[in-house]
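Inspection log for the structure reproduced underneath, given as structure tokens.
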Amino acid sequence: MPTKATPRTAEIKRTTKETDIAVKINLDGGGNGTVATGIGFLDHMLDLFRVHGGFDVEISCKGDINVDYHHSVEDVAIVLGQCVKTALGDKKGIKRYASALIPMDEALAEVTLDVSGRPFLVFNAELKGKTGDFDLDLIEEFMRALSYNAGLTAHINLRYGSNGHHIAEAIFKALARALADAVRIVGDKIPSSKGILE
Ligand SMILES: [Mn+2]
């Protein structure tokens, strides 16, 4: 059984013509770390992910933000997802399923996860327009890239809310808390009747 003594960690670097990214994660950390993606709002969301998940996270990204934020947002999610999947290893002893319902002022968001190894995203949240200079429709792109590369089945449902900043924040906090709960070690078996989780 994985113990506290063997923290589940991963570190991945990825360089393309569009972005240059390095991500480090410890799923059994204390919420420490630094995030520097060159995009203020994304740094804010990833800091929430780090703190509310209790994950130690180091993220750096140098991306083609002269174009827009799309490549950087998506590629950070790809590498973060790959790190989560790598750190989880064979998933022995994890809780696997978890859900979090998190309010942020007038917004209430629910994230339900299955650490199944089978990627799937259901995203029911109206997020249009901008907050600051950040296009809010990139949140769905982020969640798709993260869930596909981490091997998560993720259902993201906004119960209600009107302010784009609040909605995004409620979603990231709910994601972090649901993920922290779903990857928690609660036993010593692989939680699947197949005996394996990809
Ligand atoms: Mn905020």
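Could you please give the count of residues in the range 130-146 that are more than 30 Å from residue 91 (Cβ to Cβ) and within 16 Å of the ligand (Cβ to nearest atom)? Of the residues in that region, 6 qualify.
Of all the listed residues (10, 77), the sole one being in contact (Cβ under 8 Å) with a residue 40 or more places away in the chain, part of a strand (DSSP E or B) and among the hydrophobic types (A, V, I, L, M, F, W, C) is 10.
The lone criterion from (1) assigned to a strand (DSSP E or B); (2) surrounded by fewer than 21 Cβ atoms within 10 Å (Cβ to Cβ) left unmet by residue 116 is number (1). Enumerate the pairs (first residue in the range 17-34 and part of a loop (DSSP other than H, G, I, E, B); second residue anywhere and of a type in the set (Val, Ile, Thr)) with beta-carbon separation below 7 Å, excluding pairs fewer than 6 apart on the same chain, so at least 6 apart or on different chains. Qualifying pairs under 7 Å: 27/183; 31/51. Across the range 70-114, the number of residues qualifying as of a type in the set (Lys, Arg) and within 13 Å of the chain's Cα centre (by Cα) comes to 1. One residue alone among 92, 85 is touching a residue at least 12 places away in the same chain (Cβ under 8 Å) and surrounded by fewer than 16 Cβ atoms within 10 Å (Cβ to Cβ), and that residue is 92.
Within the range 7-21, one or more residues are at pLDDT below 95 and more than 16 Å from the ligand (Cβ to nearest atom). Based on this model, can you work out whether residue 59 counts as among the β-branched types (Val, Ile, Thr), part of a strand (DSSP E or B) and at pLDDT 95 or above? Criteria met by residue 59.
Restricting attention to the range 147-189 and to residues that are open to solvent by less than 10 Å² (accessible area, probe 1.4 Å) and assigned to a strand (DSSP E or B), the residue that is farthest from the ligand (Cβ to nearest atom) turns out to be 154. Every test in (1) free of Cβ contacts under 8 Å to residues at least 12 places away in the same chain; (2) open to solvent by 70 Å² or more (accessible area, probe 1.4 Å) is passed by residue 195 save one, and that test is (2).
The values are calculated or read from the model by the stated rules, or taken from the named source; none is laboratory data. Small disclaimer: the values here were computed from a predicted structure and weren't measured. No Cβ is skipped: glycine too gets one built from the backbone with ideal geometry, and neighbour counts run over all protein chains shown. All accessible areas refer to the heavy atoms of the entire protein, side chains included, with ligands and DNA or RNA removed. Shrake-Rupley method; radii C 1.70, N 1.55, O 1.52, S 1.80 Å.
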